[in-house]
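Below: the structure, in structure tokens.
The values are calculated or read from the model by the stated rules, or taken from the named source; none is laboratory data. The shown structure was predicted, so the numbers you read here are calculated from the model rather than taken from an experiment. Neighbour counts run over all protein chains shown; Cβ positions are idealised from the backbone, glycine included. The protein model used for the area step is the full one, side chains on, heavy atoms only, and it has no ligands, DNA or RNA in it. Shrake-Rupley method; radii C 1.70, N 1.55, O 1.52, S 1.80 Å.
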Amino acid sequence: MSISFTPWPAELAARYREKGYWLDKPLTEISDRHRDSDRPAIIDPVQTLSYRQLALYSDQLAAQLQKRGVMPGDTALVQLGNGCEFYIVFFALLKLGVAPVNALFSHQRSELNAYAAQIKPQLLIADRQHPVFTDNRFVDELSAHYPELQHQLWHNPLENESGLLSLYTQKTEEFAPTPSAADKVAFFQLSGGSTGTPKLIPRTHNDYYYSIIGSVDICRFTENTRYLCALPIAHNYPMSSPGILGVLYSGGLSVLAPDPSPTTCFSLIANHLINVTALVPPAVSLWLQSMQEWNCAHQLSSLRLLQVGGAKLSESLAARIPAEIGCQLQQVFGMAEGLVNYTRLDDDLQTILTTQGCPISPDDEVWVADEEGHPLPVNTTGRLMTRGPYTFRGYYNSPEHNAACFDQQGFYCSGDLISIDERGYITVQGREKDQINRGGEKIAAEEIENLLQRHPDIIHAALVSMSDELLGEKSCAYIVAKQAVKAVQLRRHLRDQGIAEFKLPDRFVFTDALPLTPVGKVDKKLLRQQLSEDNKKNA
Ligand code: OOB
């Protein structure tokens, strides 16, 4: 059985094939392209995985899972940190035709539950070191809720548990892969979200493979690429823009860092002669600050290209990258839903410093709409509308939400406010979706408001962004309560429900009533204004 998703209309699919974007090959080809090579593919703090091992281990793991009854069309909930196992598991599942949701390592019970509720996984692959899995309480809860969940596989197993490692290193007979068809769902990406429950994005082999090859071409990845992955390994950006999949495709080397801090990354860059990495803007600030304090520019001397994306990069911070690190900057404006824009390596400096680049594909259709959905002229700010060969056509099982964020022609409205210049270069001007971008980590306001409103003393909650020098944005919760509650109590209330730490409001403001717009919605614009005036007063 294949997994349901909204396909591209036949006419567009035919065009994408004709133009050579869709190759009708499974993503598993990426792990097997260099399978005869003993060159290192991925290095993490505990192991070096060669191309040969990556192909073999993912085959062996797939064979073992197949023996245990895992079937094509099954789904898996996976939560692994920045380690080689992530890609052994990813390719093993794809080789079996099993579609994973790769939860971020920062996710907790609430997010994992929301994903499980949507995909009803047969398989759970997770890390025993993760706070949610150090004992069996949550797994038992999951198994009780989801009778489909038949298999658990553990990284870092407790004693007496069959672990991931023992499965993928177990020799097996030849294994015949059964990946899903190339125009069907390969896996699910996570949406940054603006709704109550986190949404899932079905990605097909064809569309994802094209975004990877297109990115490799633009970023000029080759077998000499030495990429540092310091962002969460499951995020779309370090997976495919061009990310580790781009490096594997090219035959280069990826080195995994457990976090993007300068202390961790600078020595990895120096030791492994890293020549490209990808960061979010706050990490860039920290890197520049440490370079100054430690006077250690020499540690980064191998770096040729620094990609920055996930959140808006200010022009002043952008300008410091070539000046102080001495490497080229590339801005990346992408989304897990598909569309990715890059400044090009041979763009003039002004373009690189001030725009978020242009789309990967000549067949990415991107235009700017006004509030009624009519197209706006160049250099005018409005809603980003897009469709194309690697932009999804609908969230998984979400007809109502899809009706709201796609137009009649299948253009997706990302909720970003942008302008496009005469050349087709995009500048991000703001955002319309109800989301906070906390240094690249996305928070759906509604999700947190719902959780807050479960507190017996809370009548109304509204989450809005406030500007922050380092992170760009932080979150502030406005609270109307029945009786006095303290911020610490509300933080505890949220933690108890098991959400990622980055989603905890940075500030709470208690008030008697929330301002409303003429149609009766919470006037978040006014709340944001109040916050910024407050900030100015306190500055
Ligand atoms: C990346 O993906 P997501 O899905 O976590 O977030 C997408 C959203 C965009 O809609 C936009 O609001 C924001 O993140 N964003 C940027 C940006 N890059 C992403 N806003 C301003 N400037 C930028 N350069 O964040 C993502 C996916 C693939 C590659 C890179 C980033």
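In table form, for the structure just shown:
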{"read-out": "Percentage relative contact order, the stretch 394-539, counting C-alpha pairs under 8 Å, at least six apart", "value": "16"}
{"read-out": "12 Å Cα-Cα reach of LYS486 towards aspartates and glutamates, excluding residues that sit fewer than 8 places from it in its own chain", "value": "ASP457"}
{"read-out": "Where chymotrypsin sites (Phe, Trp or Tyr not before Pro) fall in DSSP loop in the stretch 167-239, at most 16 other Cβ within 10 Å", "value": "none"}
{"read-out": "Per residue accessible area in Å² of the stretch 41-175, where ligands, DNA and RNA are left out and the probe is 1.4 Å", "value": "39"}
{"read-out": "Pairs beyond 21 Å (Cα-Cα), from LYS19/LYS312; LYS474/LYS537; LYS442/LYS537; LYS25/LYS67", "value": "LYS19/LYS312; LYS442/LYS537; LYS25/LYS67"}
{"read-out": "Label-to-label distance, nm, for residues given as GLU533 and ALA270 (7 Å Cα→Cβ offset)", "value": "5.1"}
{"read-out": "Carbon plus sulfur fraction of accessible area for the chain, probe 1.4 Å, in percent", "value": "50"}
{"read-out": "P(r) of the stretch 202-265 over all Cα-Cα pairs, binned every 5 Å from zero, in whole percent", "value": "4, 19, 28, 23, 16, 7, 2, 1"}
{"read-out": "Helical mean residue ellipticity (222 nm; -39500 (n - 2.57) per DSSP H run of 4+; nearest 500) of the chain", "value": "-9500 deg cm²/dmol"}
{"read-out": "For ARG393, net neighbour charge (Lys/Arg +1, Asp/Glu -1) across residues whose Cβ lies under 15 Å away", "value": "-3"}
{"read-out": "Simple Cβ-charge dipole of the stretch 117-238, Lys/Arg +1 and Asp/Glu -1, about Cα centre, in debye nearest 20", "value": "380"}
